[in-house]
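Structure record follows, encoded as structure tokens.
The values are calculated or read from the model by the stated rules, or taken from the named source; none is laboratory data. Keep in mind that this is a model prediction, so the values were computed, not measured. All Cβ positions, glycine included, derive from the backbone under ideal geometry; neighbour counts span all protein chains shown.
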Amino acid sequence: MLTRTICAVALMAVSSMPARADSCADHYQMSGVPLVTGTTHKVWMIFPSVNPAVALDRVSRAVMAEGFVDVNVDKALGTLTTQQETTGSGRPQTLRVVVRKDVKGSRIDAVFIMPPGQVAPGISTNLCRVVDAAGQ
């Protein structure tokens, strides 16, 4: 009887806890083999109460804060594209972000593409910082 009571209390305590919200890192994916093939880094997040136009504006400012230049924003399509060349190889790294309306807010999808022979330490952190800017 005591065991059942303890189990019931424990179950009530766990079920009353709020669900953990997904973090950007939970949605991060990387494909390709660093230095051998090109790599593609993808992440997405949903921000329930953020208007897509506001989210796109916040993301574009975050991209510029990360040091990208020649940032192209198409507000009608909700897209942002930019490239950077940091290795001296002449092969640019490309960032594409799409902001679209979700049920009650915005969904942000970001893709960072690197050519073969290049690596970018901390790319998941930097990409998440850009995406997370939509909710701040």
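The residues listed here are P116, P121; of these, the one that is modelled with pLDDT under 95, in contact with a Ser or Thr (Cβ under 8 Å, 6 or more places away or on another chain) and not in a strand (DSSP E or B) is P116. When the range 93-123 is filtered for residues that are within 15 Å of the chain's Cα centre (by Cα), small (G, A, S) and surrounded by fewer than 18 Cβ atoms within 10 Å (Cβ to Cβ), only G122 remains.
Within the range 78-108, the set of residues being charged (D, E, K, R), within 17 Å of E66 (Cα to Cα) and modelled with pLDDT of 95 or more comprises R96 only. Only a single criterion out of (1) among the hydrophobic types (A, V, I, L, M, F, W, C); (2) part of a helix (DSSP H, G or I); (3) at pLDDT 95 or above; (4) under 19 Å from S124 (Cα atoms) is not satisfied by A25, namely (3). Residues of the range 41-55 that are in contact with a Gly (Cβ under 6 Å, 6 or more places away or on another chain) and either surrounded by fewer than 19 Cβ atoms within 10 Å (Cβ to Cβ) or part of a strand (DSSP E or B) (or both): F47, P48, S49. Regarding the range 8-18, can at least one residue be identified that is at pLDDT 50 or above and farther than 22 Å from T82 by Cα? No, the range 8-18 contains no residue that is at pLDDT 50 or above and farther than 22 Å from T82 by Cα.
Note on the range 61-110: residues that are among the polar types (S, T, N, Q), closer than 17 Å to I46 by Cα and either in contact (Cβ under 8 Å) with a residue 24 or more places away in the chain or in a loop (DSSP other than H, G, I, E, B) (or both) amount to 1. Please identify the pairs in which a residue from the range 26-54 that is under 15 Å from L95 (Cα atoms) has its Cβ atom under 7 Å from the Cβ atom of a residue that is in a loop (DSSP other than H, G, I, E, B) and not basic (K, R), counting only partners at least 6 apart or on another chain. Cβ pairs passing all conditions: G38/G32; G38/P115; G38/P116; T39/G32; T40/G32; V43/Y28.
Being at pLDDT 95 or above, under 18 Å from A133 (Cβ atoms) and part of a helix (DSSP H, G or I) is the requirement here; does R58 meet it? Outline the logic, then answer.
Details: at pLDDT 95 or above: yes; under 18 Å from A133 (Cβ atoms): yes; part of a helix (DSSP H, G or I): yes.
When the stated conditions are applied, R58 passes them.
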